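Visitor: Structure provided below as structure tokens; questions to follow.
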Amino acid sequence: MTDRQEAGRPPAGRVPRCSGRIPWDRTLRGAIALGWSVGLALLTQADASTALVVGGLSAINGDHSGPREARLARLGAVALGGTAGVTLGTLVHHSGWPQVVAMTTAALLAAVAAAEGPVGQLGGVKLMLLTAIGVGMNGTAPAWQSGLLFLLGLAPMALLLLPAFLARPARIAPARRLARIRRRPVPWLDVARLTACVGTAALVANLVHPAYAYWLPLTAIMICRLDRAEQTSRLKHRAAGTALGVLMVLAVAAAAPHGWELLLLALVVGTVLPGATDAAYTFHTGLVTVIVLVLADPTVATSSVALRARVADTAVAGLIVALFTIDWWSLGRGRHAAGRGGRQADANAAS
């Protein structure tokens, strides 16, 4: 069994494949987590409701069907990385160099944390994502409040995990399995690549449309990973999923749901999301797009102009990721090696 399998997740960078089974346990927890966060946002009309809803979404993303000890470790990583990210992003919400520096720094820390194993990678990804989302909240609430609301969004998942975990002593075997998730050497070249990719996306976003500088780096973060395995596949799934998500948002907008009707939508999306994540990254991306554009701020309607801008940002982010993902040096060395091999074959044939 590999380290990542022990932590309940496929190898890094692996795009999910359909297992044909519905994860009923995660389906129920997903409905509770997202329904709770959207319902509470509607009830309180909180200025930073985005942090609350994204907290519920992050709880779903960090959940899996493995041992409780592994699930608790993953939830802790989500809480730590997400709270730090949304707090940092809220502090630097003003457009300009502070945003670029903050998101680049978050990418650097996340890349280094990924060397600690799958739990560290999860926390690092949440650090990057929530930094971008905190920037996109445009200072609607103080940084401490944003962090607190994010943790509040995680609360149902924590309550579902903690009682049964604390009711019995931790078993030694799962603890040892977690302990065997060894720290890998830091791949500094890949760390530099990921950091430069996110930093470039943040810079381009600030130059193109500084008032909405979060979606482009957010998309780049969701595609780019420290491990470049199946990166091209992730890129295709992200593009297709965003297009699917925009179509779903248009369909939702046509129905014009408002107020507590959005809670029903949240329950449906939260129920479907775990199974969709297992089936294909395209479906996962489509549903996350609906959450970010419709449910993340249930008190504000999404405009068609914003939808077009998000599609354009996704395309630009894909180009940036492709630029930093393709190993241009290896391509050059490959052509050079092929040329040398051909010349050597000619020489051998002539001798």
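The values are calculated or read from the model by the stated rules, or taken from the named source; none is laboratory data. Treat the numbers as computed from the prediction; the structure is a model and nothing was measured. So basically every Cβ, Gly included, is an ideal-geometry build from the backbone, and we count neighbours across all protein chains shown. The accessibility values were calculated without ligands, DNA or RNA, using every heavy atom of the protein model including side chains. Shrake-Rupley method; radii C 1.70, N 1.55, O 1.52, S 1.80 Å.
Visitor: At a 10 angstrom cut-off on C-beta neighbours, averaged per residue, how do the peptides 126-133, 185-192 rank from highest to lowest?
Guide: The densest-packed peptide leads the list: 126-133, 185-192.
Visitor: Taking the highest mean first, how do the peptides 46-53, 68-75, 95-102, 143-150 order by number of other beta carbon atoms within 10 angstrom per residue?
Guide: Packing proxy ranking, top to bottom: 46-53, 143-150, 68-75, 95-102.
Visitor: Something else about it: Heavy atoms of the protein only, probe of 1.4 Å, neighbouring chains included. What is the accessible area of Thr219 in Å², nearest 10?
Guide: Ignoring ligands and nucleic acids, Thr219 comes out at about 0 Å².
Visitor: Over region 208-297, what is the relative contact order in whole percent, taking alpha-carbon pairs under 8 Å and six or more residues apart?
Guide: The normalised contact order for region 208-297 reaches 38 percent.
Visitor: Let me ask you something else. Beta carbons within 10 angstrom, averaged per residue: use that to sort the peptides 250-263, 196-209, highest first.
Guide: Highest to lowest by the protection proxy: 196-209, 250-263.
Visitor: Between Ala315 and Leu162, what length comes free when the chain is fully extended (0.36 nm per residue of separation minus the Cα-Cα distance, one decimal in nm)?
Guide: Extra length from Ala315 to Leu162 when fully extended: 51.0 nm.
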